Amino acid sequence: MKYFIGFRKGSVMLGLLLIGLLNGALTSAADLSDNNIKQALRDAYQKYRGLDEGENADYIPALAEVDSSIYGIVLVTAGGKVYTEGDVKSEVSIQSISKVFTMALVMDQDGTQELVQNMGVDATGQVFNSIVAIEQYQGAEMNPLVNAGAIATTGLVDGKDYDEIWGKIAREYNEFAGRELEVLEDVYQSEAATNQRNRAIASLMHAYGHIDENFLRATDIYTRQCSVGVNAKDLGVMAATLANAGKNPVTNKQVTSAENVPEILAVMATAGLYDDAGKWLYKTGLPAKSGVGGGIIAVSPGKFGIAVISPRLDAAGNSVRAQKAIADISNALGGNPYEVTPR
Ligand code: GLU
């Protein structure tokens, strides 16, 4: 204040105004300060640590065996700073979260319209592996994040054989995560032995012309992609790559075209959390995707990606602790893209 002493009253007022504005700017920038982020992660970790509501998924037998106490939180900023809390080493299968990254691969390969034309981008209003939803519009009004659309998306990846297609998918996931991921063979075997329903879905999608005659191969590759092992840090970096317009902020590699990202996030927003996608968006405003392995990723565009792993799921199939922790952290850090202050 002493710098303004001796100036005219108007200048003092102007000075005060500038200080006020500067303070305002600093306060909002401080939302993503080191301390705030660390505090938000710590608070959410502690608050939900003792929460043991929900159950592991068990329709895939191997998932019932996963340690349900795993609980890890990772936030990665769009600038590539990594913040962690809890168990960030234990791996679970990526499951449905994989659908997001195969979607990105096909968008780069065929442009963004192919998916819109093939299986659409609308929420089905039915469960993620619904057969009724396929019947309703002959497989047309689906999206790449429900099983029918996801298997068809995997079926669109070009390649002369299984290995070449799988190689492309694995490379895409590795680049999103910034490291070599591996398939959890026990999960793959367990799901492959029990995925009759997904084979039926793929067969129906073939019957309606959304997937070619290699629909069983596509189902198997889809099952393999769902069995990729990830820890909370991998998922955090994958989410942050989406928060940073498709460029991995840790490796600095552009993994998917920046143009794809708003469309990927739009489908995540409408269909990412199964039947509770609407409730989730209402609460957080964040595009997100969950998997029955217990992971959830969420994206605050331009700000951060966040991931939580905790295998106990609610009735809709979403991790109980992950939903709560992500919502708290994002709200503490101003992550909701719909929330602005009036000018
Ligand atoms: N592989 C699982 C399935 O197709 C994925 C389910 C999920 O995570 O939503 O049933």
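Any read-out appearing in this document is the output of simple, stated calculations on the displayed coordinates, not a laboratory observation. Computed from a predicted structure; not experimentally measured. In this analysis, Cβ positions are derived from the backbone assuming ideal geometry, glycine residues included, and neighbour counts consider all displayed protein chains.
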**Report entry** Relative contact order (%) - the chain, alpha-carbon pairs under 8 angstrom, separation at least six
**Finding:** 25
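At a temperature of 25 °C and a viscosity of 0.890 mPa s, determine how fast the range 68-112 diffuses translationally according to Stokes-Einstein, using the Kirkwood radius over alpha-carbon pairs as Rh; express D in µm²/s, rounded to the nearest whole number.
Working: Rh = 13.0 Å.
Estimated via Stokes-Einstein, D reaches 188 µm²/s.
So for the range 45-174, averaging the separation of alpha carbon pairs under 8 Å that are six or more residues apart and normalising by length, what relative contact order in percent results? Working shown, then result.
Numbers: 127 pairs, mean separation 22.4, N = 130.
Answer for the range 45-174 is 17 percent.
Taking the Cα centre of the chain as origin, work out the dipole magnitude from +1 charges on Lys and Arg Cβ and -1 charges on Asp and Glu Cβ, in debye rounded to 20.
Its charge dipole is roughly 2000 debye.
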Query raised in the report: Over all directions, what mean area does the Cα convex hull of the range 264-343 project, stated in square nanometres?
Result: 5.1
Query raised in the report: Tally Lys/Arg at +1 and Asp/Glu at -1 over every other residue whose Cβ is under 11 Å from the Cβ of residue 121; what's the total?
Result: -3
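Compute the Cα gyration tensor for the range 29-103, then decide on rounded, prolate or oblate, letting a ≥ b ≥ c be the square roots of its eigenvalues: rounded whenever a/c is under 1.5, prolate when a/b is larger than b/c in the other cases, and oblate in all that remain.
On the way: a/c = 2.88, a/b = 1.50, b/c = 1.91.
Oblate shape, in that a/c is at least 1.5 and b/c is the bigger or equal ratio.
Determine how many Å³ per residue the convex hull of the Cα atoms of the range 38-193 encloses.
On the way: hull volume 24.8 nm³, N = 156.
Looking at the range 38-193, the number lands at 159 Å³ per residue.
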Requested in this report: Obtain the radius of gyration and the Kirkwood radius of the range 185-291 from its C-alpha atoms and give Rg over Rh.
Outcome: 1.02
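Over the Cα atoms of the range 99-162, what is the Rg over Rh ratio if Rh follows Kirkwood? Walk me through the numbers on the way to the answer.
Details: Rg = 11.4 Å, Rh = 11.7 Å.
Ratio of gyration radius to Kirkwood radius for the range 99-162: 0.97.
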Query raised in the report: Fewest to most neighbouring Cβ within 10 Å: what's the order for 282, 59?
Result: 282, 59
Query - Alpha-carbon spread of the chain, three principal axes, descending order, Å - result: 84, 43, 35
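Only counting other Cβ atoms within 10 Å, I'd like 119, 107 sorted with the fewest neighbours first.
Numbers: 119 28, 107 24.
Listed from fewest to most nearby Cβ atoms, that is 107, 119.
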Query raised in the report: If one computes the Cα centroid of the range 313-327 and of the range 42-120, what distance in Å separates the two points?
Result: 11
Requested in this report: Counting other beta carbons within 10 Å of each Cβ, put 227, 69, 190 in order, fewest first.
Outcome: 69, 190, 227
Report task. With no solvent and one equal point scatterer per Cα, compute the Debye intensity ratio I(q)/I(0) for the range 220-283 at 0.22 Å⁻¹ and report its log10, rounded to two decimals. Result -> -1.09
